[in-house]
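Structure, as structure tokens:
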Amino acid sequence: MNMKKCLFLSGVLGTVIAFNQTAYAEAEPAATIEPTPSYTIDYNLGLYSNYMFRGTALSDGPALQGGIDVTHNSGFYVGTWFSNIDTNYAGRGDGFSDGNRWEVDLYGGYLHTFDNGIGLNFLGNYYGYPQGEHSYNEANKGHKQDTFEASVGISYQGLTYTYYRALTDYYGADNNNGTKSRDTKGADYNEIKFKYKLPVADLNLDAKVGYQNTRHLNGDQGDFLIGLNRDFSLPLGSKAIDGFNAGGYFTSTFDVQDESYYVAADGRDVNKNRLTLFVKRTW
């Protein structure tokens with residue numbers, strides 16, 4: 001075969017191969033691109049040595065806590081959260097007593113972070129107690145403990161200030177004058193939180209200080225918290241289960257208006273200094 005025929009056949013063969021590759025590429029369906037979901041669902045579950053709330057222990061020992069959060073990409077979110085509580089917690093004026101073993105919260109809000117890093121968070125939280133009226137002592141019989149609280153927070157980097165205000169009576173309690181006016185709504189709480197990633201062992205630092213005003217009750221007090229925690233994973237065969245976090249924090253109170261307000265029915269001091277340990281997972 002002469003050189004001209006070789007060149008001719010090579011050109012024809014190349015054209016056929018190129019044509020077949022193009023036809024195959026055109027016949028192959030385009031890869032399907034999954035749309036980005038407009039919302040996310042997160043779950044959390046943890047075991048704590050105490051249920052601490054604003055410097056006060058609402059459980060007499062370990063507390064199982066968990067919840068579900070649904071967040072839309074617009075910034076709106078809703079969620080629910082639960083914890084076991086102490087059935088004997090009955091500080092003077094608040095009305096907790098035997099029969100109430102669980103707290104179940106329902107909440108919703110809106111969170112937005114601006115380009116300059118400043119964040120705003122608007123929240124409404126309903127503190128629910130399923131046993132309802134059965135959770136009250138004789139002085140507050142028939143008054144539900146359920147409370148609705150609204151808050152607004154502003155944050156920048158690791159620093160957050162939040163103002164909370166109860167729009168219902170403070171956990172169903174009457175005011176101190178003994179009447180049934182029940183005008184304890186308007187109780188508020190000011191809180192400053194600080195979070196920081198330490199350059200040591202991947203530890204996270206948490207700190208906060210707050211002050212609770214119980215309006216027409218004797219429960220005004222300040223509280224502070226400082227603690228360390230660390231994210232980690234658990235190995236499982238060839239892969240790891242992530243989302244775990246464990247740590248501990250110290251809590252204390254100050255400027256307490258009336259110490260007897262924070263004595264439980266069984267004589268336990270619920271606002272004394274405490275070290276709380278925990279392990280939890282978010283997924």
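The values are calculated or read from the model by the stated rules, or taken from the named source; none is laboratory data. What you see is a predicted model; the values in this text were computed from it and never measured. Glycine also receives a Cβ, built like all others from the backbone with ideal geometry; neighbour counts cover every protein chain displayed.
Taken over the stretch 243-271, the criterion of being assigned to a strand (DSSP E or B) and either modelled with pLDDT under 95 or out of contact with any strand residue (DSSP E or B) (no Cβ under 8 Å at 6 or more places or on another chain) (or both) is satisfied by V263, D269.
Applying the selection to the stretch 210-234, what residues are β-branched (V, I, T) and farther than 19 Å from V270 by Cβ? Give the steps one after another, and end with the answer.
Taking the stretch 210-234 as the starting set, the residues that turn out to be β-branched (V, I, T) are 214, 226.
Residue satisfying the conditions is I226 alone.
Residue pairs, Cβ under 7 Å, 6 or more apart or interchain, first in the stretch 59-87 and within 18 Å of N125 (Cβ to Cβ) and free of Cβ contacts under 8 Å to residues at least 60 places away in the same chain, second part of a strand (DSSP E or B) and acidic (D, E). List them. Partner pairs satisfying both residue conditions: D69/D42; Y77/D69; G79/D69; T80/D105; W81/D105; F82/E103; S83/E103; I85/E103.
Would you be able to say whether some residue in the stretch 114-124 is modelled with pLDDT of 95 or more and either closer than 23 Å to R268 by Cβ or charged (D, E, K, R) (or both)? Quick ask: steps written out before the conclusion?
Our first condition is that a residue be modelled with pLDDT of 95 or more; within the stretch 114-124, this holds for 114-124.
Checking which are either closer than 23 Å to R268 by Cβ or charged (D, E, K, R) (or both) leaves us with 115.
Yes, the stretch 114-124 contains at least one residue that is modelled with pLDDT of 95 or more and either closer than 23 Å to R268 by Cβ or charged (D, E, K, R) (or both).
Looking only at residues in the stretch 145-172 that are touching a Phe, Trp or Tyr at 6+ places or on another chain (Cβ under 7 Å) and aromatic (F, W, Y), the one that is nearest to A207 (Cα to Cα) is Y164. Every condition in (1) part of a strand (DSSP E or B); (2) at pLDDT below 95 holds for Y77 except the one numbered (2). Within the stretch 258-276, work out how many residues are crowded, with 19+ Cβ neighbours inside 10 Å and touching a Lys or Arg at 6+ places or on another chain (Cβ under 7 Å). Qualifying residue count, the stretch 258-276: 1.
Filtering V209, V200, V279 for residues that are out of contact with any Leu (no Cβ under 7 Å at 6 or more places or on another chain), surrounded by fewer than 17 Cβ atoms within 10 Å (Cβ to Cβ) and in a strand (DSSP E or B) leaves a single hit, V209.
How about the stretch 145-161: which of its residues are surrounded by 14 or more Cβ atoms within 10 Å (Cβ to Cβ) and in a strand (DSSP E or B)?
Of the residues in the stretch 145-161, the ones surrounded by 14 or more Cβ atoms within 10 Å (Cβ to Cβ) are 145-153, 155, 158, 160.
Across the stretch 145-161, the qualifying residues are T147, F148, E149, A150, S151, V152, G153, S155, T160.
For the stretch 212-242, filtered to residues that are crowded, with 16+ Cβ neighbours inside 10 Å and outside any strand (DSSP E or B), the residue that is modelled with the highest pLDDT is D220. Y110 - would you say it is over 19 Å from D146 (Cβ atoms), at pLDDT 95 or above and of a type in the set (S, T, Y)? The answer is yes for Y110.
Would you check if L58 is within 30 Å of N273 (Cα to Cα) and modelled with pLDDT of 95 or more? In short, no.
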